[in-house]
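Colleague: Take this structure first; my questions come after.
The values are calculated or read from the model by the stated rules, or taken from the named source; none is laboratory data. Since the structure is predicted, the reported quantities are computational estimates derived from the model, not experimental observations. We place every Cβ from the backbone using ideal geometry, glycine too, and count neighbours over all the protein chains shown. Quick note on the areas: whole protein, heavy atoms, side chains included, nothing else; ligands and nucleic acids left out. Shrake-Rupley method; radii C 1.70, N 1.55, O 1.52, S 1.80 Å.
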Amino acid sequence: MNVQEPMAHPQIPLTCYRLQFNPDLTFQKASGILQYLYRLGITDVYASPLLQSRLGSQHGYDVTDPTRIDDGLGSEKQFQVFQSGLQKRGMRLLLDIVPNHMAANHENPWWMDVLENGSGSAYAAYFDIDWHPPSLTVENKIFLPVLGTFYGKALDNLELQLVFQQGRFLIRYYDMVFPLTPKSYRRVLKHREHVLEKRLGTNSHSFQEYLGIVAALAALPERGSLTIDAAGERRLQIEGIKERLRRLHDANREVARFVKENLKIFNGLRGHPRTFRNLDRLLSEQAYVLAYWQNVNEGINYRRFFAIGDLVGVRIEDPMVFEATHQVVFRLVERKIVSGLRIDHVDGLRDPLGYLRRLQARTSGRHEKKNEKDFYLVVEKILCANEKLPAEWPVQGTTGYEYLNAVTRLFVNPEGACAIEENYFRFLGRKLVYQDVVYRRKKLVMSTLFAAEMRYLSHQLAVLAQGDRYARELPRAELAQALIETTACFPVYRTYIRSMDVTDDAKHHIRHAVDAARALNPNLASACFDFVEDVLHLKDTGHLFAEQREARLAFVMRWQQFTGPIFAKGLEDTVLYVYCPLISLNEVGGNPSPKADSAIDFNQLVRERQRHWRYALNSTSTHDTKRGEDARARINVLSEIPRKWQRHLNAWAKWNASKKEIIASHAVPDRNEEVFLYQTLIGAWPLEDTGMPQFRVRLEAYILKAIREAMVHTRWSMPNTVHERAVIKFLQAILEPRRDNSFLNDFLKFQRNIARYGMSNGLAQVLVKMTSPGVPDFYQGCELWDLRFVDPDNRGPVDFERRSALLREIETRSREDAVQFCRVLVRNWHDGRIKLYLIWKILNLRRQHRQIFLEGQFLPLKASGKRQANVMSFARRKGKSWMVTVVPRWLGLVRAPITLTRTEGFWLGSHLILPMNAPECWVNALTGETLKTRHLRLGPSVSLRDVFRNYPVALLQSQT
């Protein structure tokens, strides 16, 4: 590759706002909200994937054609208008890209070419397909588990139909279509050839053209291991044949009649199995095998995104594939339309470091270097516990899940949360050990969702053992089980081994997993665990040939691609719905156990990020979070009132017991589902009664998803509709607005109190996000109270017109009398303006004081007095400029008053202690009030009564 002039210098976003582009939010609509975002203080629009995706896609992660912008989002001109709108306002675009996978359906021309031509396709190397899997039934074919019933039944029910369109024969299955390999067209065209000859005449031009087409099809080289050039030439020949067939069909009524009759014959007659033999034989000649979707684990031989069969892994490590899939992205970077990239599911890649270095080189126009960060890149990487992002990755950091979980813990009272966990165990009637739950759930998803992948890995491990003179006698079944057990005990999403040089971190994680698995399975042959550890460590025992060591490296790199999805499905999509002491902790990358030893200290995390990843995103809500940020803020309050929560929980369970159904001697919902449901209601209950009808519909859909994800009584692959109906019926019964509904009457009073303290938590966490080191990221719609559920609920349309109108009111009224307006906002906190005002004020302050927020020193502060434990504070300093963030926490613990008239007395006598060199004069950036530094025995300080006099949180700006 020729080295180009640099495309871009790193342009660090000051503030990001995530937009989920879809048919409800097109380029044209997005252009219409840019002025609102600019006024709000946003500098960078953080866009969901914009490349061509499936028709009607709500998210863009199912790319069908990476060579063009999604026309479902608007025309090229509308995209240009959107770009111009950004540039006019000095705003930039941070683009989400999906290098790991693409949609595996008929809208993807590359995938269709592979289905048509098999391993001989020019695109066969683009997709992560094992053409020679252990199962001989799919040798040199692709296993497609897409049928709603067994293959034979689908044939008998006339669900699989042979059709002819534009010179091509296809198999139609409802709204899916599958191409036929062109050579097999002959089977259809040659059937009853004598009939066509008689109708057209042997010497007629049309019949001779027909014979020529059939001969050309016969002359096509067999699909198989063709060179790229040969595959390209074959594709040109095929397109020519199809065009000839189309013209002959369209021009000659008898040919069209002949084809139509043959289609009818091949499609068979219901109730006559013999009539489907032609279609069955035709399908057996294809490069794919159609199968019942629940048999996915019987033979799927392409890497999926997680366990989603219609998303196929891409071999992005291939330079040719890398260039082909990124051509539009690079063009947007070259034209300075895109100033940064967010990399989706980086853990799915075979070699993340190699990919990121290549991406940095191409976007910056420089040679690949070890750790250059010339272009702004952030990765969707979930860090566990004290895990660190690999220092050698040439990125600015992560998308911020570790930040989200640390800031959540900041507002969870540790002692109260531990008490809640004990209460939870008593409520369940049994004690759970969190790590045991994770272990069992990971084994569950391996035996169900990822059985095919584990069988493949076990086979590959057995091959390695067979070639090792010290391991070839090891029992294959036990060897496979040792691998499963080790994977179930793996403490992080994945390691990043890419050569024989295994890092100390990787060795530590592997050793931990093997030791834990060995301890849990004392009856499993220890030698099997020894071999697994040797392979994963790439241990050079001296007896291996070079090719054997390379085979081990290939195995490890493949295994690493699967440990992440297994961890994610086991934890994020299963454990987080079954381990529920305090579900505000149940977030992506989080640990639901309040007693977690690995819980991240917020100040420690921030210092670490400022040292190494100072431009990483600070997130509190994303399109993947399990609940809205303000729902979490509410639920956190329970940690402050564990005894009160226990009393209400027990009372609610007693009052609602009669509303449960008894199914197979068990009450439905079970106790865990019940506590999950009550906490969900506390977090998501609407602030306005007008939203109740829609809320009930959304709630039922969410609860149905939650219990299926839990995989306890029902699951997506095997819905237990009896159980599901009983849960929904219970939900409807407990929410019925009747005078004698003791639960609902008590719940509403309890929830109202929680919501008030939740408001304080919500404001506090968003202020902390905006002022701590990093780039604050706002998910669309979160500038008002965000009480949404997990996707798809949180990906719905956002009322930007309302938000823009509220912002105009804020801009006008805050100029008149900021203090009085702040007091109005506090009194009317439920309408969300109080949060919008906070975000508007701080983001515009960030714009005015860019350097202190991006580069300023981070200094944690402490308070003194009776309320010292109820304050969290830190300063940002750059030269002589200071910004001090002050937020309350754990107010429910001390029954703090929420109304401003009583707040002053609560904070009386408590002070914020400032550094010795702190300024003497401050202005509250939210209210405009001036505060003076006092010099007390503990040092310089400001009165917390003055800080919180007119607004629940504060940002103090130094005055010179």
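Colleague: Please specify each residue of segment 310-327 satisfying the condition of being buried (at least 18 other Cβ atoms within 10 Å of the Cβ) and either polar (S, T, N, Q) or within 12 Å of F450 (Cα to Cα) (or both).
Modeller: Across segment 310-327, the qualifying residue is only T325.
Colleague: Could you grab me the full set of residues in segment 141-158 that are surrounded by 15 or more Cβ atoms within 10 Å (Cβ to Cβ), of a type outside the set (S, T, Y) and in contact with a helix residue (DSSP H, G or I) (Cβ under 9 Å, 6 or more places away or on another chain)?
Modeller: Going residue by residue through segment 141-158, those that are surrounded by 15 or more Cβ atoms within 10 Å (Cβ to Cβ) are 141-147, 151, 154-156.
Those left that are additionally of a type outside the set (S, T, Y): 141-147, 154-156.
Within segment 141-158, K141, I142, F143, L144, P145, V146, L147, L155, D156 meet the criteria.
Colleague: Related question: Which one of the conditions (1) without any contact (Cβ under 8 Å) to a residue 12 or more places away in the chain; (2) among the basic types (K, R); (3) under 20 Å from N603 (Cα atoms) does R877 fail to meet, given that it meets all the rest?
Modeller: Only one criterion is unmet by R877, namely (1).
Colleague: Just the residues that are among the aromatic types (F, W, Y) and open to solvent by 30 Å² or more (accessible area, probe 1.4 Å), please, taken from segment 791-833.
Modeller: We begin by selecting, within segment 791-833, every residue among the aromatic types (F, W, Y); these are 800, 821, 829.
The answer is W829, and nothing else.
Colleague: Any residue at all in segment 328-340 that's open to solvent by less than 30 Å² (accessible area, probe 1.4 Å), outside any loop (DSSP other than H, G, I, E, B) and among the polar types (S, T, N, Q)? Show your work before the answer.
Modeller: Initial filter on segment 328-340 (open to solvent by less than 30 Å² (accessible area, probe 1.4 Å)): 328-330, 332-333, 337-340.
Keeping just the survivors that are outside any loop (DSSP other than H, G, I, E, B) gives 328-330, 332-333, 338-340.
From the residues that got through so far, the ones that are among the polar types (S, T, N, Q) too are 339.
Among the residues of segment 328-340, at least one is open to solvent by less than 30 Å² (accessible area, probe 1.4 Å), outside any loop (DSSP other than H, G, I, E, B) and among the polar types (S, T, N, Q), which makes the answer yes.
Colleague: Kindly indicate whether R469 is farther than 17 Å from M557 by Cβ, in contact (Cβ under 8 Å) with a residue 12 or more places away in the chain, open to solvent by 40 Å² or more (accessible area, probe 1.4 Å) and under 31 Å from the mean Cα position of the chain (by Cα). I'd like the intermediate steps shown before the answer.
Modeller: Numbers: farther than 17 Å from M557 by Cβ: yes; in contact (Cβ under 8 Å) with a residue 12 or more places away in the chain: yes; open to solvent by 40 Å² or more (accessible area, probe 1.4 Å): yes; under 31 Å from the mean Cα position of the chain (by Cα): no.
No; evaluated as a whole, the condition is false for this residue.
Colleague: Can you name every residue in segment 371-421 that is acidic (D, E), within 17 Å of the chain's Cα centre (by Cα) and surrounded by fewer than 23 Cβ atoms within 10 Å (Cβ to Cβ)? If you could, list the steps in order and put the result at the bottom.
Modeller: Within segment 371-421, the first condition is being acidic (D, E), and the residues that meet it are 372, 374, 380, 387, 392, 402, 415, 421.
Pick out the ones that are also within 17 Å of the chain's Cα centre (by Cα) and you get 380, 402.
The answer is E380, and nothing else.
Colleague: Out of (1) over 14 Å from M557 (Cβ atoms); (2) in contact (Cβ under 8 Å) with a residue 60 or more places away in the chain; (3) of a type in the set (F, W, Y), what's the single condition that is false for Y496?
Modeller: (1)
Colleague: With segment 851-901 as the region, which strands (runs of 3 or more DSSP E) entirely inside it contain at least 3 residues that are open to solvent by 40 Å² or more (accessible area, probe 1.4 Å) and over 22 Å from C822 (Cβ atoms)? Give the derivation first.
Modeller: Details: elements: 857-864, 871-878, 881-888.
Strands (runs of 3 or more DSSP E) meeting the threshold: 857-864.
Colleague: What strands (runs of 3 or more DSSP E), lying completely within segment 94-184, carry at least 1 residues that are of a type outside the set (A, V, I, L, M) and without any contact (Cβ under 8 Å) to a residue 60 or more places away in the chain? Give the steps one after another, and end with the answer.
Modeller: On the way: elements: 101-103, 142-147, 160-165, 168-173, 176-179.
Where strands (runs of 3 or more DSSP E) fall fully within segment 94-184 and carry at least 1 residues being of a type outside the set (A, V, I, L, M) and without any contact (Cβ under 8 Å) to a residue 60 or more places away in the chain, they are 160-165, 168-173.
Colleague: Under 6 Å by Cβ, and 6 or more places apart or on different chains, what pairs join a residue from segment 293-322 that is under 21 Å from G148 (Cα atoms) and assigned to a loop (DSSP other than H, G, I, E, B) with one that is modelled with pLDDT under 90 and open to solvent by less than 10 Å² (accessible area, probe 1.4 Å)?
Modeller: Short answer, once both residue conditions are applied: G299/V138; N301/V138.
Colleague: Moving on. With respect to L170, determine if the residue is touching a strand residue (DSSP E or B) at 6+ places or on another chain (Cβ under 9 Å) and surrounded by 14 or more Cβ atoms within 10 Å (Cβ to Cβ).
Modeller: Numbers: touching a strand residue (DSSP E or B) at 6+ places or on another chain (Cβ under 9 Å): yes; surrounded by 14 or more Cβ atoms within 10 Å (Cβ to Cβ): yes.
Spelling it out, L170 is indeed touching a strand residue (DSSP E or B) at 6+ places or on another chain (Cβ under 9 Å) and surrounded by 14 or more Cβ atoms within 10 Å (Cβ to Cβ).
Colleague: Please find, among L444, L461, L536, L479, the residue that is buried (at least 20 other Cβ atoms within 10 Å of the Cβ), closer than 30 Å to G590 by Cα and not hydroxyl-bearing (S, T, Y). Break it down stepwise before answering.
Modeller: Working: L444 fails: buried (at least 20 other Cβ atoms within 10 Å of the Cβ); L461 fails: closer than 30 Å to G590 by Cα; L479 fails: closer than 30 Å to G590 by Cα.
Only one candidate qualifies: L536.
Colleague: If E629 passes every condition in (1) touching a Leu at 6+ places or on another chain (Cβ under 9 Å); (2) under 25 Å from M711 (Cβ atoms); (3) among the charged types (D, E, K, R) but one, which one does it miss?
Modeller: With (1) touching a Leu at 6+ places or on another chain (Cβ under 9 Å); (2) under 25 Å from M711 (Cβ atoms); (3) among the charged types (D, E, K, R) applied to E629, the lone miss is (2).
Colleague: Can I ask one more? Considering only segment 425-436, state which residues are open to solvent by less than 60 Å² (accessible area, probe 1.4 Å) and within 27 Å of the chain's Cα centre (by Cα). Before the answer, list the steps.
Modeller: Filtering segment 425-436 for residues open to solvent by less than 60 Å² (accessible area, probe 1.4 Å) gives 425, 427-428, 432, 434.
Y434, the sole residue that qualifies.
Colleague: Looking for whichever is modelled with pLDDT under 95 and closer than 16 Å to F375 by Cβ here; the options are R335, R331, R342. Which one fits?
Modeller: R335
Colleague: Does segment 249-272 include one or more residues that are under 30 Å from P99 (Cα atoms) and open to solvent by 20 Å² or more (accessible area, probe 1.4 Å)?
Modeller: Let us first name the residues in segment 249-272 that are under 30 Å from P99 (Cα atoms), namely none.
No: zero hits.
Colleague: Within segment 913-956, restricting attention to residues that are among the aromatic types (F, W, Y) and not in a strand (DSSP E or B), which residue is nearest to I834 (Cα to Cα)? Even if it seems obvious, please write down each step before you answer.
Modeller: The initial filter retains those residues of segment 913-956 that are among the aromatic types (F, W, Y), namely 922, 948, 951.
Checking which are not in a strand (DSSP E or B) leaves us with 948, 951.
Working: F948: 14, Y951: 9 Å.
Step by step, filter segment 913-956, then rank; the result is Y951.
Colleague: If you check A287 against the conditions, is it in contact with a helix residue (DSSP H, G or I) (Cβ under 6 Å, 6 or more places away or on another chain) and free of Cβ contacts under 8 Å to residues at least 12 places away in the same chain?
Modeller: So A287 does not fit the description; no.
Yes/no matrix, rows are residues, columns are (1) in contact with an Asp or Glu (Cβ under 9 Å, 6 or more places away or on another chain); (2) of a type outside the set (V, I, T); (3) open to solvent by less than 30 Å² (accessible area, probe 1.4 Å); (4) farther than 24 Å from R441 by Cα:
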| position | (1), (2), (3), (4) |
| --- | --- |
| N656 | yes, yes, yes, yes |
| E661 | no, yes, no, yes |
| E700 | no, yes, no, yes |
| L704 | yes, yes, no, no |
| E709 | yes, yes, yes, no |
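Colleague: Checking the conditions here, which among V438, V412 is assigned to a helix (DSSP H, G or I) and not hydroxyl-bearing (S, T, Y)? Can you show your working first?
Modeller: Working: V412 fails: assigned to a helix (DSSP H, G or I).
Checking each option against the conditions leaves just V438.
Colleague: Grab the helices (runs of 4 or more DSSP H) fully contained in segment 635-726, keeping just those with 2 or more residues being among the basic types (K, R) and closer than 30 Å to G148 by Cβ. Break it down into steps so the answer makes sense when it comes.
Modeller: On the way: elements: 642-656, 671-684, 692-710.
Counting at least 2 such residues, we get 692-710.
Colleague: Please work out if L474 is more than 14 Å from V556 (Cα to Cα) and surrounded by 19 or more Cβ atoms within 10 Å (Cβ to Cβ). Show your work before the answer.
Modeller: Values: more than 14 Å from V556 (Cα to Cα): yes; surrounded by 19 or more Cβ atoms within 10 Å (Cβ to Cβ): yes.
So L474 fits the description; yes.
Colleague: Might you let me know whether segment 680-696 holds any residue that is in contact with a strand residue (DSSP E or B) (Cβ under 8 Å, 6 or more places away or on another chain), at pLDDT 95 or above, open to solvent by 20 Å² or more (accessible area, probe 1.4 Å) and not polar (S, T, N, Q)?
Modeller: Within segment 680-696, none of the residues are in contact with a strand residue (DSSP E or B) (Cβ under 8 Å, 6 or more places away or on another chain), at pLDDT 95 or above, open to solvent by 20 Å² or more (accessible area, probe 1.4 Å) and not polar (S, T, N, Q).
Colleague: If you don't mind, another one. Name the single residue that is surrounded by the most Cβ atoms within 10 Å (Cβ to Cβ) among those in segment 51-90 being basic (K, R) and not in a loop (DSSP other than H, G, I, E, B). Reasoning before the result, please.
Modeller: Initial filter on segment 51-90 (basic (K, R)): 54, 68, 77, 88-89.
Checking which are not in a loop (DSSP other than H, G, I, E, B) leaves us with 68, 77, 88.
Working: R68: 13, K77: 10, K88: 11.
Within segment 51-90, the match that is surrounded by the most Cβ atoms within 10 Å (Cβ to Cβ) is R68.
Colleague: While we're on this one: Do you know which of the residues in segment 104-123 that are of a type in the set (A, V, I, L, M, F, W, C) and open to solvent by less than 10 Å² (accessible area, probe 1.4 Å) is farthest from V177 (Cα to Cα)? It would help to see each step written out before you state the result.
Modeller: Initial filter on segment 104-123 (of a type in the set (A, V, I, L, M, F, W, C)): 104, 110-112, 114-115, 122.
In the following step, the residues that additionally are open to solvent by less than 10 Å² (accessible area, probe 1.4 Å) were identified as 111, 114-115.
Working: W111: 12, V114: 14, L115: 11 Å.
So the residue we want is V114.
Colleague: Does Y439 count as of a type outside the set (A, V, I, L, M), in contact (Cβ under 8 Å) with a residue 24 or more places away in the chain and open to solvent by 20 Å² or more (accessible area, probe 1.4 Å)?
Modeller: Numbers: of a type outside the set (A, V, I, L, M): yes; in contact (Cβ under 8 Å) with a residue 24 or more places away in the chain: yes; open to solvent by 20 Å² or more (accessible area, probe 1.4 Å): yes.
When the stated conditions are applied, Y439 passes them.
Colleague: Limited to segment 173-191, what total is found for residues that are touching a helix residue (DSSP H, G or I) at 6+ places or on another chain (Cβ under 8 Å) and loosely packed, with under 13 Cβ neighbours inside 10 Å?
Modeller: Our first condition is that a residue be touching a helix residue (DSSP H, G or I) at 6+ places or on another chain (Cβ under 8 Å); within segment 173-191, this holds for 173, 178-191.
Imposing the further condition that a residue be loosely packed, with under 13 Cβ neighbours inside 10 Å reduces the set to none.
The number of residues fulfilling the criteria is 0.
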